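*Asks:* Pasting a structure below so you can have a look.
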Amino acid sequence: MIEFVPLGFLDDIIRQYHVGHIILATFGAAVLGSLVLSRKLMALNVGLFGVIFLLTPADVMGGGAELKLLGLALLVVGIVLYTTFND
């Protein structure tokens, strides 16, 4: 049988995070996963997450302007990395 997990406990843990934290954690996992495959793929991941950070509304992300600036920086870095890698 499946044991009962108190939802209040999980809810208390999840409430501490917002969409910006989740996108940032996903970005870290995607970059680590794509480093093994190809550097151009990693550059595409960096640029894609830059676009995601830019397009996500600031009130949902919780960080405000900092995460928007991170998105702009990731977009520029992703484009520069993509053009310089020779895979």
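*Asks:* Starting from the range 71-86, take each residue that is over 7 Å from GLY47 (Cβ atoms) and hydroxyl-bearing (Ser, Thr, Tyr) and list its partners that are assigned to a helix (DSSP H, G or I) and modelled with pLDDT of 90 or more, counting only C-beta distances under 9 angstrom and pairs at least six apart or across chains.
*Replies:* That search, which allows pairs on different chains as well, returns THR83/ALA43; THR84/ALA43.
*Asks:* So, one more: Can you name every one of the helices (runs of 4 or more DSSP H) wholly within the chain that holds 2 or more residues which are small (Gly, Ala, Ser)?
*Replies:* Where helices (runs of 4 or more DSSP H) fall fully within the chain and carry at least 2 residues being small (Gly, Ala, Ser), they are 19-37, 39-55, 65-84.
*Asks:* Could you please tell me which pairs satisfy a Cβ distance under 8 Å, a separation of 6+ or placement on different chains, a first residue in the range 21-41 that is within 18 Å of GLY71 (Cα to Cα) and modelled with pLDDT under 90, and a second residue that is β-branched (Val, Ile, Thr) and outside any helix (DSSP H, G or I)?
*Replies:* Correct list of pairs: ILE23/THR56.
*Asks:* Only one of these is within 26 Å of ASN86 (Cβ to Cβ) and surrounded by fewer than 17 Cβ atoms within 10 Å (Cβ to Cβ): VAL46, VAL51, VAL19. Name it.
*Replies:* VAL51
*Asks:* Please pick out the residue among VAL80, VAL46, VAL76 that is under 12 Å from the mean Cα position of the chain (by Cα), modelled with pLDDT of 90 or more and among the β-branched types (Val, Ile, Thr).
*Replies:* Within the list VAL80, VAL46, VAL76, the selection yields VAL46.
The values are calculated or read from the model by the stated rules, or taken from the named source; none is laboratory data. Note that the coordinates shown come from a computational prediction; the quantities given were computed from them, not determined experimentally. Cβ atoms come from the backbone with ideal geometry, glycine included; neighbour counts cover every protein chain shown.
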